[in-house]
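Heads up, the thing below is written out as C-alpha cells.
The values are calculated or read from the model by the stated rules, or taken from the named source; none is laboratory data. Every value quoted in this text rests on a predicted model; they were computed, and no experiment measured them. Glycine also receives a Cβ, built like all others from the backbone with ideal geometry; neighbour counts cover every protein chain displayed.
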Amino acid sequence: MTRRTRRALAAALLVPLAGCSTGTGAGDADTLTVLAAASLTDVYAELATEFEAEHPGVDVELSFGSSTELAEQAADGAPGDVLATADPISMRVATDADATATEPVVFGTNSMVLVVPAGNPAGIAGLDDLAGSTWVRCADEVPCGRVALALVEQNGLSSEPASLEQDVRSALEKVTSGEADAGLVYATDAASAGDAVEVVPVPGAGRAATSYLLAVLDGAQAPGLAQDWVDLVLSEAGRTVLTDAGFGAP
Amino acid sequence: MRTAPDPLGRPPALLLVPAALATALLVVPLAAMVAAVDWPGLPAQLRSEPLRDALWLSLTTSTAAMLVCLLLGLPLAWLLARVDFAGRGALRALVTVPLVLPPVVAGVALRTAFGRTGVLGAPLEELTGFSFPFTVWGVVLAHVFVSLPFVVIAVEGALRSANPEYDAAAATLGASRWTGFRRVTVPLALPGILAGMVLGWARSLGEFGATITFNGNYPGRTQTMPTLIYVTRQADQDAALALSLVMLVVSVAILVMLRDRWLVTP
C-alpha cells in the first residue's frame, strides 16, 4: 500500500515528463497493469522498479492474486495488460476465452517445499511427521494445491491438513504466524519468508514443479509496454532476479 | 387496486428516478446471477457432498453463534438500555466497533487473541490442548464476534422502545430486578429480541472474511457456504453459481421470516 502511494506520488511528479518518455509504447497509456500469481509478488515488485527506471513516466500497477482468479478476470475483460500465471491450466482459462494477444511463454519454474515456523516448534523432520500436526496446503482448486496434492500422493501421505488455503501466500502466512506447524509452499515463498521459516527437505519435491506462463492480454491499454514487460522478464536481468528468488529456469 | 390521489401531489421525478436506479442497482445483479445459473445441471450440483457439508456446517454454526449471542448479548443489551452508569456511551461505542470493522481485520484480531500463538490462545492450548483455529469452535467464535454487535444493538433498541414504566410497576409490586427482567422486560420486548437474533443469525450465515482468516478452509470442519463458494469459483463457475443460488434462497427465506418487521411498513 505504501509502495503504491509512493508510486502514485512519483507518477504525479513525473506526469509532466511523460511526453518525452522513451520506450516502444508510443500512444500507450502511461500505466502498465500486470496481473500476476501471488507467488510472483516479490520478483515482480523488483522488476517493476527496474521497468519504471527504464521507462520514465510509466507507472507499473501490480495486481496479485490466485492465478485462476486473475485468469478468470482477464477472460471476463478486466483491465490489465499482462497476465502471469503459476501454471498452464489457469493460463488456458485466459487463452480459451481469447483474452490473450500473444502466445503464452514459460518464464520460470517453481517447486514445492515443506516449511515450518522458525525454531520448528512441532519438531517436523519430514512428511511423515505431519500426521497429528496442524499443517496446511493450498486447496485443490488452485495451482499450488494441485502441485501439493501431487507431492502428497507421490509420498503416500495419508495425514489430512488442518486447512486448504485459497492461495499460497495464505498458506505461508499460516506458518509464519505460527498458527500452523508446517505448510507446503513454493520454494520461492520459502525464500521470501527468510528467517521466519525453515525448509524441511521432502523427497521428490523437485519433481513436483510447476511452470510459470506470461502473455500479453488482448484488451491491453498499453500493448507496447506490455511487450516490453515480457521482454524484461525473459531478459538476462529478469532471469537473475527470478533465480535469486528461487525460481528455476524454464 | 388503485389508491386515491395523494393530496400532497405527484412524487417528483427528481426523487423517483434515483429511487428506480437504486432498486435496479440492487435487483439487477441478483437477477443476472439467477439467469446465469445452469438450470439443467442444477440438480446434480445441489446433490454434491461439499454443498451438503458446507450448508449443514453453516446452519449449525450460525445457530450455535446465535444462541451464544442471545446468552451474552441480551444481558449486555439490557445493561445498555436499562442501567444508568458512567461510561455507558463508551461501552456502546466499543460494542459497535466490530460492526464497522472489515471482516479480515476481525479475523486478524481474533487470531491475535485466540490463535495458537495468541495472547489467550497460547496459554489455553498449553493448559487444555484445545485451540480454536481450524476447528468448528473457531468458526462459531468468529461468527459470534461479527454478529454479537448486531444482536446487542437490535435488542437494545427493542428494550428501549418497550416502556420501562412496566418494570417500575413490577418493582412496586415487589418484583426483584431479576424477576422484572424475566417476567416483564423480556416478554414485552420479545418480538424485537427475536428479530435481533434472526439478524445476527443471518450475519453469521454470510460471514466469510473473519472465518477464513482465522480458521482457514477445510470441508466439513471450517468450510462454510461463503468459503465453499469462494474456493469453488476458482475451478468451476457453474458450481459456484449453483451454490450462490442456494445462499440467495436461504437469504430470501430469512427475509420472509422477518417480513412482519421489515417488509410491512407501519
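Need pairs with beta-carbon distance below 8 Å; first residue more than 7 Å from chain A (Cβ to nearest Cβ) and free of Cβ contacts under 8 Å to residues at least 24 places away in the same chain and within region B:229-242, second in a helix (DSSP H, G or I) and among the charged types (D, E, K, R); sequence gap 6+ or separate chains.
B:233/A:69; B:233/A:72; B:237/A:72; B:240/B:233
Counting only residues that are more than 14 Å from residue A:34 (Cβ to Cβ) and out of contact with any strand residue (DSSP E or B) (no Cβ under 9 Å at 6 or more places or on another chain), which one in region A:220-240 is surrounded by the fewest Cβ atoms within 10 Å (Cβ to Cβ)?
Initial filter on region A:220-240 (more than 14 Å from residue A:34 (Cβ to Cβ)): A:224, A:234-237, A:239-240.
Imposing the further condition that a residue be out of contact with any strand residue (DSSP E or B) (no Cβ under 9 Å at 6 or more places or on another chain) reduces the set to A:224, A:235-237, A:240.
Values: A:224: 19, A:235: 13, A:236: 6, A:237: 13, A:240: 10.
Filtering first and then ranking leaves A:236.
Please find, among A:168, A:115, A:147, A:142, the residue that is within 14 Å of chain B (Cβ to nearest Cβ), β-branched (Val, Ile, Thr) and closer than 18 Å to residue A:245 by Cβ.
Values: A:115 fails: within 14 Å of chain B (Cβ to nearest Cβ); A:147 fails: within 14 Å of chain B (Cβ to nearest Cβ); A:142 fails: closer than 18 Å to residue A:245 by Cβ.
Within the list A:168, A:115, A:147, A:142, the selection yields A:168.
Kindly establish whether residue A:193 is away from chain B (no Cβ under 13 Å) and under 19 Å from residue B:221 (Cα atoms).
Details: away from chain B (no Cβ under 13 Å): yes; under 19 Å from residue B:221 (Cα atoms): no.
No; evaluated as a whole, the condition is false for this residue.
Just checking, does region B:116-130 include any residue being modelled with pLDDT under 95, within 14 Å of another protein chain (Cβ to nearest Cβ), buried (at least 22 other Cβ atoms within 10 Å of the Cβ) and in a helix (DSSP H, G or I)?
yes
Restricted to region A:84-99, and to residues that are surrounded by fewer than 24 Cβ atoms within 10 Å (Cβ to Cβ) and in contact (Cβ under 8 Å) with a residue 40 or more places away in the chain, which residue is nearest to the other protein chains (Cβ to nearest Cβ)?
My answer is A:89.
Run residue A:124 past the list (1) of a type outside the set (Lys, Arg); (2) more than 11 Å from chain B (Cβ to nearest Cβ); (3) farther than 23 Å from residue A:205 by Cα and report the number of the one that doesn't hold.
The failed condition is (3).
Among the numbered conditions (1) at pLDDT 90 or above; (2) buried (at least 21 other Cβ atoms within 10 Å of the Cβ); (3) in contact with a Pro (Cβ under 9 Å, 6 or more places away or on another chain), tell me where residue B:232 comes up short.
Condition not satisfied by residue B:232: (1).
Given the conditions (1) in contact (Cβ under 8 Å) with a residue 60 or more places away in the chain; (2) in a helix (DSSP H, G or I); (3) in contact with a helix residue (DSSP H, G or I) (Cβ under 6 Å, 6 or more places away or on another chain), report the number of the one that residue B:149 does not fulfil.
(1)
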